[in-house]
1. Can you find, within segment 443-460, the residue that is least open to solvent (accessible area, probe 1.4 Å) among those that are assigned to a loop (DSSP other than H, G, I, E, B) and farther than 21 Å from Tyr413 by Cβ?
2. List, please: which pairs have Cβ atoms under 6 Å, are six or more places apart or on different chains, and start with a residue in segment 539-568 that is without any contact (Cβ under 8 Å) to a residue 40 or more places away in the chain and end with one that is assigned to a helix (DSSP H, G or I) and open to solvent by less than 60 Å² (accessible area, probe 1.4 Å)?
3. What do you reckon, is Val392 open to solvent by less than 50 Å² (accessible area, probe 1.4 Å), modelled with pLDDT under 90, in contact with a helix residue (DSSP H, G or I) (Cβ under 7 Å, 6 or more places away or on another chain) and not polar (S, T, N, Q)?
4. Go through segment 200-210 and report how many residues are modelled with pLDDT of 80 or more and hydrophobic (A, V, I, L, M, F, W, C).
5. Determine, yes or no, whether Ile334 is open to solvent by less than 10 Å² (accessible area, probe 1.4 Å) and either free of Cβ contacts under 8 Å to residues at least 12 places away in the same chain or not basic (Lys, Arg) (or both).
6. Can you tell me which residue among Phe31, Phe25 is surrounded by 14 or more Cβ atoms within 10 Å (Cβ to Cβ), among the aromatic types (Phe, Trp, Tyr) and within 39 Å of the chain's Cα centre (by Cα)?
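The values are calculated or read from the model by the stated rules, or taken from the named source; none is laboratory data. Because the structure is predicted, anything quoted here is derived from the model rather than measured. Positions of Cβ are backbone-derived with ideal geometry, glycine not excepted, and every protein chain shown enters the neighbour counts. All accessible areas refer to the heavy atoms of the entire protein, side chains included, with ligands and DNA or RNA removed. Shrake-Rupley method; radii C 1.70, N 1.55, O 1.52, S 1.80 Å.
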Amino acid sequence: MNKHENISAIHTEVGQTLMASRRAFVGVGIFTAFINILMLTGPLYMLQVYDRVLASSSMSTLVTVSVLMGVMYLFMGFLEHVRSRVLVRIGDKFEKDLGTRTFAIWMKQGLFGKAGQRHRPLQDVSTLRQFLSGPAPSTFFDMPWAPLYIGVMFLFHWSLGVIGIIGAVIIFIIAWTNEVTTRKPLQDAHGLKIKGQVFADITHRNADAVAAMGMGRNMEARWNEYTKEAATSTVRGSDRAGSLTSASKAFRMFVQSAILGWGALLAVQQIITPGAMIAGSIIMGRALAPIQMALGQWRSFISARQAFNRLNVFYDMIPEEPDSLSLPAPKGDISVENILAAPPGSKVPVLTGLDFKIKPGQGLGVIGPSASGKSTLARLLVGIWIPQKGSVRLDGATFDQWNRDELGPYIGYLPQEVELFDGTIGENIGRFRPDASAEDIVIAARRAAVHDMILRLPDGYDTRVGEGGSVLSGGQVQRIALARALFGDPCLVVMDEPNANLDTEGDAALSAAIADLRRREKTVVVMAHRPSAIAAVDQLLMLRDGKQVAFGPKDDVIKEVTQKAQQTSQKQTAQQAPNSAEPSLAIENKSVAQKPVVKQPAVRTKSSNKTSPKSQPQSQPQDTTKSQTQKRVNMPTFSAVTPPKPGAKS
């Protein structure tokens with residue numbers, strides 16, 4: 001990482017969060033300075049014992065230096081304790097400062113669909129906190145003090161200092177080699193572990209389908225592929241790191257012994273004292289110890305650096321939203337203005353050229369085949385996705401002009417895939433708002449016609465759902481989610497296939513809820529596949545291939561769609577007329593119409609030679625066939641064109 005990258009890293013959001021604790025880091029640096037100075041206590045004590053106490057046989061000198069040594073070690077231990085506590089609090093402050101922001105990013109990543117599952121920012125924050133609170137920062141604070149110890153060795157003799165420099169350089173080379181050779185394998189292993197975890201989570205959520213269709217062994221085999229590849233990369237990186245760590249450890253011990261041997265040679269020649277010989281060996285070990293420890297902590301350092309870089313990428317990808325000016329409470333006027341939209345991160349448009357308006361009190365049903373863009377439109381109408389071109393406006397303002405926290409209570413959204421959160425049913429309906437009143441929760445449940453159903457549960461509104469809670473059916477979950485969407489009397493309610501899991505009773509309750517919303521001048525949008533979902537709406541939007549085919553009053557759109565279906569069928573019939581298929585159909589119809597030509601023996605009575613009425617052919621067989629053919633031609637392409645009455649079975 002060069003100087004420019006270091007400067008840019010400091011100015012990132014994560015870097016600024018760390019810089020907020022710079023005073024604490026300065027304190028850690030000061031404590032480290034005193035700790036490393038006090039680390040010289042042992043070598044200096046050894047020097048005094050060998051050179052003064054043993055030479056003079058003075059017990060008073062021994063007691064004095066021993067007491068001084070004990071006091072200095074006690075003070076050093078206290079500073080180590082304080083430094084450790086400061087680092088723990090730096091990590092805790094870092095997690096608290098970024099916790100809310102990171103959780104917001106994690107929620108927003110859900111808007112990216114399955115692509116967002118590859119990113120785990122909450123785990124990255126936890127990784128950085130563990131790194132800051134662990135022994136690794138202390139080790140890196142100790143490393144710059146290696147020149148101090150080597151300088152002390154120069155005071156004993158210049159040759160001892162040169163040996164110390166050579167040993168430190170070689171240890172640094174080993175550390176750099178460790179960084180270069182282990183970086184890629186460990187990065188690959190981390191990426192493969194994330195893929196394996198995501199695959200395991202998906203398999204766990206779909207365990208019923210996996211078990212029912214006997215896919216267990218196949219899923220295990222695919223998961224094993226990820227884990228084996230990750231294990232291979234981990235083993236490769238760990239083997240290299242282990243080999244280099246072992247080499248550095250052996251070399252450090254060799255250098256310490258070499259210093260001792262060289263010091264002995266100098267002591268024999270009476271160039272240095274025996275105490276200096278022992279002290280030089282101890283100081284050399286202390287000088288190289290932080291580098292040795294850094295090699296042992298290298299994996300945690302690599303993980304922390306990767307987490308740091310990923311968090312910065314996440315924050316750049318989803319910048320913090322500025323506080324928007326508070327706007328008046330919306331009424332529910334929706335206008336979609338010639339939009340072009342695609343899912344976040346995708347360049348392929350899903351919706352093109354949509355343009356329509358909805359007023360409060362109107363209900364819009366959106367119909368169309370699968371993959372026509374209905375769910376994308378639902379996300380655009382509640383503002384969780386923003387179109388690339390054009391605009392979606394609520395009461396004249398685009399959604400990025402609204403304050404999301406202030407706008408949220410005015411919007412009700414029932415997504416296609418519904419889940420309840422860990423908590424009580426009442427908390428889920430009340431959107432986990434601390435100030436949600438029991439009265440408002442019950443009102444929302446009554447409007448969704450689930451009040452009686454909830455009371456039949458073991459603990460009523462206090463029944464726990466989610467992790468470790470009661471198991472509810474798909475229909476129950478969908479109806480409770482409908483009550484959640486209606487909580488707080490929102491002015492805009494968007495439902496994406498709200499009756500996918502509902503029975504006849506649920507369908508009737510849904511239609512009644514839509515009708516009630518329209519009576520109270522609320523705007524309702526329903527994405528539908530089943531006809532019963534649009535029974536209570538008055539407007540209809542037909543989508544096909546992401547384009548607006550028809551929009552207007554429901555009866556007019558149904559008539560238009562039916563006419564287009566008839567015209568399409570007639571064109572297809574006319575195009576097939578010159579081919580062999582049409583003559584064969586005509587011949588078939590003719591043969592059916594003239595079926596009596598294949599004469600059967602007449603049934604005669606014994607008393608007369610006249611043919612019995614039973615022998616006469618059926619009347620007008622050709623007209624019957626023509627009528628059936630005409631019915632097939634006129635059948636509309638969407639079954640919702642003739643919606644049944646609310647409550648009727650679809």
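1. The qualifying residue least open to solvent (accessible area, probe 1.4 Å) is Leu457.
2. Every condition considered, the pairs that remain are Ala550/Val557.
3. no
4. 1
5. Yes.
6. Selected residue: Phe25, the only one of Phe31, Phe25 that is surrounded by 14 or more Cβ atoms within 10 Å (Cβ to Cβ), among the aromatic types (Phe, Trp, Tyr) and within 39 Å of the chain's Cα centre (by Cα).
Yes or no, residue by residue, for (1) outside any helix (DSSP H, G or I); (2) closer than 27 Å to Ala175 by Cβ; (3) in contact (Cβ under 8 Å) with a residue 12 or more places away in the chain:
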residue	(1), (2), (3)
Arg240	no, yes, yes
Ser243	no, yes, no
Arg252	no, yes, yes
Ile259	no, yes, yes
Ala264	no, no, yes
Gln270	yes, no, no
Ala279	no, yes, yes
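Residue-by-condition table, conditions (1) assigned to a helix (DSSP H, G or I); (2) polar (S, T, N, Q); (3) open to solvent by 60 Å² or more (accessible area, probe 1.4 Å):
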{"site": "Leu354", "(1), (2), (3)": "no, no, no"}
{"site": "Asn428", "(1), (2), (3)": "yes, yes, no"}
{"site": "Arg431", "(1), (2), (3)": "no, no, yes"}
{"site": "Asp435", "(1), (2), (3)": "no, no, yes"}
{"site": "Ile441", "(1), (2), (3)": "yes, no, no"}
